[in-house]
Every structure is written in structure tokens, then in C-alpha cells.
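Before any comments, here is the structure.
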Amino acid sequence: MMTAFTLCVSVSAQSKDILQDRALNARLTGAALTWSVGKGRLRQAMTALPKGGDLHSHLQGAVYAESWIEWAAEDGLCADMKALALKFPEQDSCEESGWITAAAAQEDDVKRRTLVNAMSTRSYVPTLNWSGHNDFFDTFARMAATPARFGDALAEVAARAGHQNILYLELMETFILPELFPLLNGVKLNGDVRQDYTIIMNSAFGKELPNLVANIKDRIKAGLDKKTTILKCSENKKTPGCDVEIRLLHQVIRSFPPEHVFAQIILGWAVMAEEPMVVGLNLVAPEDGHTALRDYTYHMKMIDYLYRTLGEQNVSLHAGELTLGLVRPKNLQFHMWEALNLGHAKRLGHAVDVVYERESEELIQKLLDDDILIEINLTSNDIILGVSGAAHPINLYRDMDVAYALSTDDEGVSRIDLTHEYMRFYQTYDVPYFELRHSSRNSLTYSFLPGESMWLSKACVKDITTAQNPGVKCADFLKGSRKAQLQWELEQRFLHFEQTLRIPTRKKTSFN
């Protein structure tokens with residue numbers, strides 16, 4: 001995609017003066033960031049840094065454990081202190097089910113602390129046969145909440161984003177799953193995706209598909225309405241989170257039998273065709289799991305079939321969230337390739353095993369030629385894969401000019417936020433301010449928001465780079481693109497940030 005760095009526009013002498021002033025402001029901002037590290041103020045500076053969006057965030061994993069416990073307590077759920085999990089009562093009460101109430105667990109500091117640790121990677125310590133990978137993925141089965149809490153989850157992550165100067169969130173969410181099981185009873189696929197599609201559509205699932213789509217649309221509307229109510233956006237639109245744009249990705253759990261995975265993908269295709277809030281699809285669950293490894297190519301073929309027969313949709317895929325030792329070498333050789341060639345992915349999440357993929361240099365060139373964005377999750381890769389620092393391929397992507405953007409993955413489970421990831425990136429890899437800004441811009445440019453990128457409009461690029469209000473041509477362009485509107489807003493925030501972040505003047509004291 002074209003960015004401000006690849007598009008030249010002619011400017012007047014006055015505009016050149018403005019450009020010089022803006023370049024100076026950006027350099028002064030970079031100096032202030034460097035200063036902030038040594039003075040313990042990097043968190044404040046990075047919080048204020050305008051961040052376009054978080055493109056790789058699982059809603060369930062984005063919610064902090066304390067919130068799950070609070071909601072469970074309010075809704076009468078139980079706490080199984082042996083399994084260290086929140087659960088719905090199996091009998092008439094939690095006690096009859098052999099557990100305690102979530103409310104009782106919340107009031108007991110030891111039990112609450114134990115649950116928080118079990119539902120996140122807080123206090124994780126590597127031990128024999130227990131890795132960060134296991135600690136991370138085991139958390140999800142321990143979370144439970146009523147479907148009505150979807151709106152509460154949206155409110156939590158939106159408010160958190162608002163406090164960090166984030167404009168946009170693309171959140172992965174699985175809306176329908178248990179409901180699919182009875183609809184697929186007796187369904188067996190044969191491995192030919194064309195025939196498999198017919199088998200599934202002739203099942204009870206196929207007949208129920210319109211109702212499932214309608215159900216999802218209702219849930220989304222109810223959740224967004226509840227988010228607005230919780231944040232009181234109708235009363236004060238300036239409340240943090242109210243101005244954060246949200247879209248959803250249909251999340252497919254790939255650890256189930258083929259018929260359940262294909263049904264989820266089919267459902268996602270139908271939802272994307274009817275619900276504007278759902279802008280893409282992704283497959284999730286541990287990529288190194290037995291079923292995920294066994295059926296990886298099969299899953300990609302399922303996507304390929306729908307893409308070619310039902311019409312193109314946006315796809316972003318977890319691919320290459322693997323490393324040597326976690327899986328056998330043969331499993332490291334083709335996941336990214338197939339995600340691109342069969343899965344039609346426009347973005348890849350993690351993509352850590354790139355140097356192990358067959359013909360890795362050709363793969364990198366394909367990423368460049370096809371303009372594929374890599375969703376970088378530094379903390380997640382460290383916890384799950386043990387990959388960090390110089391071992392992480394982020395420097396390879398940077399060196400080869402492969403597009404990338406920072407994201408959180410599961411910020412609640414990892415006990416982080418997007419600001420933390422920017423801080424980690426900046427400090428670990430000695431990243432200049434201009435590159436932080438570039439990553440932030442990428443997160444909107446490569447988002448699945450509707451409309452063309454602002455950087456494709458010469459009129460808008462000229463107006464934004466010379467600090468002008470949008471002219472007639474740019475204004476017309478912005479009207480037709482929600483993506484471009486947010487990109488324009490991001491640039492306004494950068495303009496303010498670069499005018500205000502400075503090394504403060506200090507009065508001399510006796511010790512300096």
C-alpha cells in the first residue's frame with residue numbers, strides 16, 4: 001500500500017516551511033522520547049503516543065481476570081478451586097455442584113489471587129513439564145461468563161484503548177460454537193472440500209444457517225449498545241473509549257473435527273456478507289496442537305474454496321506461531337506459505353517461523369510483492385514461544401521493509417497493553433520515533449476498515465503534510481472512506497503530539 005513515505009507531492013515555498021517545522025517537531029519529539037527513558041517517564045510519553053489500532057486482539061484474552069471474576073460473582077457463577085476455573089452450576093447451586101460461589105472466591109484474598117494467577121500468566125514460573133506455552137493456553141478454559149457480558153468486555157477494552165490514545169480495535173470473537181455441535185451430529189466429511197461443503201449445507205446446520213447469522217447480528221447490536229451504556233457515551237462522548245472505533249473478526253476455533261471447523265468458516269463467510277461490523281475471519285487455537293497440525297492444509301483448502309466460490313472476504317491468519325523444538329522441523333516449512341497461497345491471508349499473525357519456512361527468501365519477497373502485513377506480538381511470542389530480542393524475526397522484517405504493526409494478542413492474559421508493546425519495541429530494538437509512527441500508521445492502513453487508504457489520495461497527502469484542513473478534493477475522498485477518516489484523525493493527533501512532547505526545562509538545583 002502507498003504511504004506518506006512513497007508518495008511525492010509538489011508544495012509551495014510556504015508549505016516547505018511548514019514541512020520543515022513539522023520535521024523539526026518530530027525530531028524534538030524523538031529526543032524527548034529518548035530523554036524520557038532515563039527519567040522514568042517513558043510510560044507517560046508512550047501512553048500519549050497516537051496509536052492507530054490493535055489489529056491482533058482476542059476479546060476473551062483481552063479482558064483481565066479480575067473482570068471475569070467480578071462478572072461471575074455478579075451473575076451467580078461458581079468457582080471450582082480444584083480446576084481453578086469459573087463455571088456455571090451443574091446442579092441447583094454451586095455448593096451442590098461441589099464448588100463455591102464466585103462471589104465467595106472473590107471475597108477470599110487467597111482464592112481470588114489463585115484464580116487471577118490461573119486465568120493469566122501472572123506469577124508464572126517455568127517448572128518441569130510446565131512452560132509459558134502451557135500456562136498461556138490453559139487460561140482460556142478457566143474463563144466463564146454469560147453471553148450478556150459481551151458488551152461489558154467491549155466496554156473494558158474500548159476504555160483501555162481510549163486511555164492509550166488508540167483509535168481503532170479489531171477484535172477476534174467466537175459468537176456461535178456450542179450451538180453447532182447438535183446441528184452437526186452424524187456429519188462426516190471426506191476431504192474433498194467441494195463435496196464437504198455440500199454435505200455441511202445439506203445438514204441441519206445448513207438449514208439453520210440464516211438463524212445463526214441473525215443471532216450473531218442481534219448479539220453484536222446488543223453488545224455495542226451495552227458498551228455505549230456502560231461508558232455513558234450518550235452523556236459524554238469524550239469519555240475514554242467512546243471514540244474508539246471497533247470492528248470484529250469472526251474467530252474460528254481450529255482444534256475441533258473438520259466438520260466443526262468448516263461449519264465455523266462457512267458461518268463466518270455468511271456473517272461477513274451480512275454484518276458490516278464483522279470485517280474479517282481468523283483461525284485460532286494453538287498452531288502446534290495435534291488437530292491444527294494434522295488438518296492445517298485441509299483448513300486452508302476450506303478457506304480457499306469459499307473464497308473462490310462464495311466471493312472474496314478479508315482473511316487474517318495465525319501462521320508461523322511456531323519455533324524449532326516446539327514442533328518437528330517438517331511442521332515449520334509451509335504454514336506461512338499456505339496461509340498466503342490457499343488461505344488468501346492479507347495479514348499474518350505472529351509469523352515467527354519465517355526463517356524455517358522452505359525457500360524463506362522467496363517467502364519474504366512474496367510478503368513484499370503481495371503487500372502482506374505482519375501482526376507483531378512481542379510479549380506473547382516471548383511467553384508462548386520463548387522468542388524475544390535478537391531471536392525474534394522483527395529485525396528481519398524491518399530490514400527487508402516488510403510491513404508490520406504492533407499488537408497485543410491477549411493483553412488480559414499477558415497482563416500488558418498496547419502501550420507496553422510500544423515501550424518494549426522501542427527499548428529492545430532501539431527504534432527511532434519515525435519508525436514508531438510508521439508502525440502506528442500501518443495499523444490503520446492495513447486494517448479491514450471499509451474504504452481506501454488516505455495515502456492513496458494525492459490531495460489528502462498534500463493537505464495533511466502541509467498541516468492544512470482538507471481541501472475540496474480531499475474532503476470528497478474522506479467522505480467515501482471510513483479508513484481514510486481515521487487516518488486523517490491519527491495525523492491530527494500526531495501533529496498535536498509532536499508539538500507538545502518536549503524535554504522539560506529544569507531549574508538548577510544543588511545536586512546538578
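Considering only residues in the range 113-130 that are at pLDDT below 95 and assigned to a loop (DSSP other than H, G, I, E, B), the one that is farthest from Leu224 (Cα to Cα) turns out to be Leu128. On the given criteria, is Gly389 in contact with a strand residue (DSSP E or B) (Cβ under 7 Å, 6 or more places away or on another chain) and either within 25 Å of Gln60 (Cβ to Cβ) or surrounded by fewer than 19 Cβ atoms within 10 Å (Cβ to Cβ) (or both)? No: the conditions fail for Gly389. Scanning the range 134-156 for residues that are under 22 Å from Glu170 (Cβ atoms) and in a helix (DSSP H, G or I) yields Phe136, Phe137, Phe140, Pro147, Arg149, Phe150, Gly151, Asp152, Ala153, Leu154, Ala155, Glu156. Among the residues making up the range 458-481, a single one is assigned to a helix (DSSP H, G or I), in contact (Cβ under 8 Å) with a residue 40 or more places away in the chain and surrounded by fewer than 17 Cβ atoms within 10 Å (Cβ to Cβ): Lys458.
Of the residues screened, Ala351 is one that is buried (at least 22 other Cβ atoms within 10 Å of the Cβ), closer than 20 Å to Gly61 by Cβ and of a type in the set (A, V, I, L, M, F, W, C). Suppose we filter Arg160, Arg194 for residues that are assigned to a helix (DSSP H, G or I), in contact (Cβ under 8 Å) with a residue 12 or more places away in the chain and farther than 22 Å from Asn377 by Cβ; which single one remains? Of the residues listed, the single one that is assigned to a helix (DSSP H, G or I), in contact (Cβ under 8 Å) with a residue 12 or more places away in the chain and farther than 22 Å from Asn377 by Cβ is Arg194. From the list Lys238, Lys221, Lys207, Lys232, the one residue that fits, being surrounded by fewer than 17 Cβ atoms within 10 Å (Cβ to Cβ) and at pLDDT below 95, is Lys238. Would you call Ile253 in contact (Cβ under 8 Å) with a residue 60 or more places away in the chain, buried (at least 18 other Cβ atoms within 10 Å of the Cβ), among the hydrophobic types (A, V, I, L, M, F, W, C) and farther than 29 Å from Leu396 by Cα? In short, no. Residues that are among the acidic types (Asp, Glu) and under 19 Å from Asn134 (Cα atoms) within the range 258-295 comprise Glu287, Asp288, listed in sequence order. Does Trp455 fit the bill of being farther than 15 Å from Leu167 by Cα, in the same structural domain as Arg22 (by TED's automatic domain parsing), aromatic (Phe, Trp, Tyr) and in a helix (DSSP H, G or I)? It is true that Trp455 is farther than 15 Å from Leu167 by Cα, in the same structural domain as Arg22 (by TED's automatic domain parsing), aromatic (Phe, Trp, Tyr) and in a helix (DSSP H, G or I). Checking each residue in the range 365-384 for being aliphatic (A, V, I, L, M), in contact with a helix residue (DSSP H, G or I) (Cβ under 7 Å, 6 or more places away or on another chain) and part of a helix (DSSP H, G or I) picks out Leu378, Ile383, Ile384.
The values are calculated or read from the model by the stated rules, or taken from the named source; none is laboratory data. Predicted, not measured: the structure shown is a model, and the values here were computed from it. Here Cβ is always computed from backbone atoms with ideal geometry, including for glycine, and neighbour counts include all displayed protein chains.
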